[in-house]
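Take a look at the structure below.
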Amino acid sequence: MKKSRGRTGRKRRRKHLQGFMDGVNCSHKLEYIKLKKWLKDRGFEDSTLRPAEFLETGRGLMATKALQAGDLVISLPEKCLLTTGTVLSSFLGGYIVKWKPPVSPLLALCTFLIAEKHAGERSPWKPYLDVLPKTYTCPACLDHDVINLLPKPLKKKAQEQKRMIQELFRSSKAFFSSLQPLFAENTGTIFNCSALEWAWCTINTRTIYMKHPHRECFSLEPDVYALAPYLDLLNHSPNVQVEAAFNEQTRSYEIRTSSQCQKYQEVFICYGPHDNQRLLLEYGFVAMDNPHSSVYVSADTLLKYFSPLDKQGKAKVAILKDHDFLENLTFGWDGPSWRLLTALKVLSLGADEFACWRRTLLGDTISARNEQQALDTAAKICHFLIEETQHVLLQISQLKRDKENLKTHLALVEMLRSEDLKILQKSAEILCNLNLATA
């Protein structure tokens, strides 16, 4: 009997240790103790989740008990949320109401975050500000050398994101100056470009969607942001489903899970069915084995594989452009997308088949030759992208050795490119099998 009890004891101990190997409990850390007390003072009670550090996702929330589908994961009272309403009822309110032309809801929130962070110990929001990331890994924050290693479509969006923040800063300088009576220091040193970048990234990566009625003191951009302390520690997984919404009856933002979660495991939510490029652009991270991920084919790459001597070439490109078939052409885990193959079929139409382009766009088969050429070209593009991706991964390895300061950012792009490589290799295999089947 003793032996048996000992075995059970060991089993239980192993299970307990295994649980904590999944995540290391962080609720004893001072910043989380202060945050929980601050939230409790605002009406938040929670016994389901605790802050923890996880090997794969970093900081997140761990379940203190097993969760079943339909269970309430978190209910955060309205008083805990940071919205434009919070900003207007603060010391900034009068300045925002008076300012013309009206500021955007986004700028109002950015301004509030910068001012509260600057206030330090004096800020009533300090317990929340203390657990916010000090830096972000959105493309807007990446070094020029790192942005150059991104896939073409994402590189373009990353540069646009950088420019957009710079433009927001340039156009907001006069408004920031109007706040000078509130500060002993020069507003130019408080509201600088890097402070705005930090605030913008905080809002872009962490807000929950919550529609607010339009107020006259704001510009016409949608007012749909709410920062949700503690709740925003929940990480994303593409493999879970949740229901999230503001409950008008309880005046709380609530999340219910549609999946099970074991005790001591990380609790995930889903930010949406996003591919890795979108996740990196909007949130600054990449999800491994993301079922929604795909590799984009730029129009330049697509057109490289067609003869400039094709007399109908320009007309074919114009048709694709008019019908929006030069964007969102992808390779996924299940091979080339229907849109990519359709674009390739249009470009592969023979002179005697060109009149059938409308049928091609609708998915009709025009000829065996046309189908085969489209598959052959898809395989060539796929192999070109595999080589390009492998070349970039080599560059990243080299840079990681040479530029210690960029290691974190380079590791992120490396993850993205490694996932791309897996998708492209899978697509190449599928195309090879399709070609064997039609041979």
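The values are calculated or read from the model by the stated rules, or taken from the named source; none is laboratory data. Every value quoted in this text rests on a predicted model; they were computed, and no experiment measured them. Reconstructed Cβ throughout: ideal geometry from the backbone, glycine too, with neighbour counts over all protein chains shown. These accessible areas exclude ligands, DNA and RNA; they are computed on the full protein's heavy atoms, side chains included. Shrake-Rupley method; radii C 1.70, N 1.55, O 1.52, S 1.80 Å.
Tell me yes or no: at least one residue of segment 307-316 is open to solvent by 30 Å² or more (accessible area, probe 1.4 Å), of a type outside the set (Asp, Glu) and either in contact with a Gly (Cβ under 8 Å, 6 or more places away or on another chain) or under 28 Å from Leu132 (Cα atoms) (or both).
yes
Out of the helices (runs of 4 or more DSSP H) lying entirely within segment 331-439, which hold 1 or more residues that are in contact with a Phe, Trp or Tyr (Cβ under 6 Å, 6 or more places away or on another chain) and over 20 Å from Asp275 (Cα atoms)?
Per the criteria, 338-347, 368-402.
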- Restricting attention to segment 363-371, does a residue exist that is within 30 Å of Val146 (Cβ to Cβ), in the same structural domain as Ala315 (by the TED database), acidic (Asp, Glu) and touching a residue at least 40 places away in the same chain (Cβ under 8 Å)? no
- Report, by residue number, each residue of segment 220-231 that is open to solvent by less than 20 Å² (accessible area, probe 1.4 Å) and touching a strand residue (DSSP E or B) at 6+ places or on another chain (Cβ under 9 Å). Ala226, Leu227, Ala228, Pro229, Tyr230, Leu231
- Task: Quick one: which residue in Leu92, Leu106, Leu142, Leu132 is closer than 17 Å to Val224 by Cβ and not small (Gly, Ala, Ser)?
- Result: Leu106
- Message: Let me confirm something: among Phe175, Phe169, which residue is touching a strand residue (DSSP E or B) at 6+ places or on another chain (Cβ under 9 Å), part of a helix (DSSP H, G or I) and more than 18 Å from Ala119 (Cβ to Cβ)?
- Response: Phe175
- Collect the residues in segment 35-83 that are more than 27 Å from Ser123 (Cα to Cα), part of a loop (DSSP other than H, G, I, E, B) and either within 24 Å of the chain's Cα centre (by Cα) or in the same structural domain as Leu412 (by the TED database) (or both), keeping them in residue-number order. Leu55, Glu56, Thr57
- Looking only at residues in segment 67-88 that are more than 15 Å from Ala245 (Cβ to Cβ), touching a strand residue (DSSP E or B) at 6+ places or on another chain (Cβ under 7 Å) and of a type in the set (A, V, I, L, M, F, W, C), which one is most open to solvent (accessible area, probe 1.4 Å)? Ala69
- Output the number of the condition that Leu280 fails; it satisfies all remaining conditions of (1) farther than 19 Å from Ile386 by Cα; (2) outside the structural domain of Lys422 (by the TED database); (3) not aromatic (Phe, Trp, Tyr); (4) not in a helix (DSSP H, G or I). (4)
- Task: Enumerate the pairs (first residue in segment 241-269 and touching a residue at least 12 places away in the same chain (Cβ under 8 Å); second residue anywhere and among the basic types (Lys, Arg)) with beta-carbon separation below 6 Å, excluding pairs fewer than 6 apart on the same chain, so at least 6 apart or on different chains.
- Result: Glu243/Arg256; Lys263/Lys65
- Item | Flag if Phe112 is touching a residue at least 24 places away in the same chain (Cβ under 8 Å), open to solvent by 10 Å² or more (accessible area, probe 1.4 Å) and within 22 Å of Val224 (Cα to Cα) | no
